[in-house]
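Below is one structure; the comments refer to it alone.
Where a number appears in this text, it was derived from the coordinates with a stated rule and is not lab data. Keep in mind that what you see is a predicted model, and the values were worked out from it rather than measured. Because the Cβ atoms are built from the backbone with ideal geometry, glycine has one as well, and the counts that use them run over all protein chains shown.
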Amino acid sequence: MEDLSDVEVVFFDVDGTLFDQRLAHMMAIKELSRVYEPFHGVDVQELVSAFNVADVEAFAAFKYGISLDKLRHERSENILRALKIDTAHASELTSVFYDTYPRINAGFKDADGVVKKAQKNHKIGIISNGSREVQLMKLRTLKLRDHFEVMVFSEDLGYRKPDERIFLHAADEMQTDTRKCLYVGDSYRADISGAGNAGMRTCWINHHGEVPDGSSPDIEIKEISQLLNFMTSRSDQKCTKDHPTKN
């Protein structure tokens with residue numbers, strides 16, 4: 001394993017890293033099928049399918065610069081259009097969805113344990129392309145909100161991952177050099193490539209066994225729970241360096 005014993009700061013992504021966004025989306029849609037009047041009588045699987053198609057289109061548009069507000073509205077319109085429901089409900093659907101979805105407790109297994117373990121030996125922070133209000137709600141739901149010293153959201157800066165500036169800004173906020181930071185995220189393009197170009201060490205949570213489209217991350221894992229092994233070994237390594245065994 002790459003020697004990361006000099007890492008002082010660990011930054012985390014939120015969606016797909018700490019918070020299982022896909023699971024939360026599905027649970028929210030199923031909940032809305034029960035409580036949201038325009039969805040009454042719509043088959044749940046048809047509703048899920050309409051959401052999935054609209055979400056893929058929205059994510060593709062987001063990568064090319066569409067704003068979060070426009071993304072959300074257009075996704076709602078596309079869902080309603082696919083279900084042959086009046087698109088005049090789009091703003092209402094967006095509001096109801098975002099009042100429901102971030103409140104769903106959809107943390108990845110051991111995400112809280114990893115955050116708390118990282119906090120013992122590092123400063124920790126958040127760098128996210130999500131909106132401040134929604135991401136903070138998710139972190140409160142996961143009971144992780146108060147663990148982070150610095151939280152940086154793209155909507156506050158006017159640029160988003162993989163732009164190097166968001167990572168440089170986060171390091172400045174933490175009053176450290178990017179070379180002493182580890183960034184943990186699930187998107188190779190936005191998280192790993194972006195953080196790596198900014199000079200940060202990187203941990204890629206490669207959920208789906210993708211092939212990196214560029215340089216390899218310092219750490220590659222499939223689930224965030226595997227990062228516990230790194231945190232333990234890093235702590236032990238630090239102790240060994242500070243207090244070498246006497247022969």
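A few remarks follow.
- Nearby lysines by direct alpha-carbon distance to residue 30 (threshold 30 angstrom, same-chain neighbours under 8 apart not counted): 63, 70, 84, 109, 138, 143, 222
- Relative to the globular-protein estimate of 2.2 N^0.38 Å, the Cα radius of gyration of segment 32-141 stands at 1.27.
- The chain: DSSP helices with Cα axial extent of at least 24 Å and average Kyte-Doolittle hydropathy no lower than -0.5: 44-63
- Segment residue 112-residue 83, length gained on full extension (0.36 nm per residue, minus Cα span): 6.7 nm
- Per-pair calculated FRET efficiency, R0 = 51 Å: residue 69 and residue 6 via Cβ, rounded to 0.05: 0.80
- Most tightly packed first, judged by the mean number of other beta-carbon atoms within 10 Å of their residues, the peptides 179-191, 130-142 read 179-191, 130-142.
- Convex hull volume of the Cα atoms of the chain, normalised per residue: 125 Å³.
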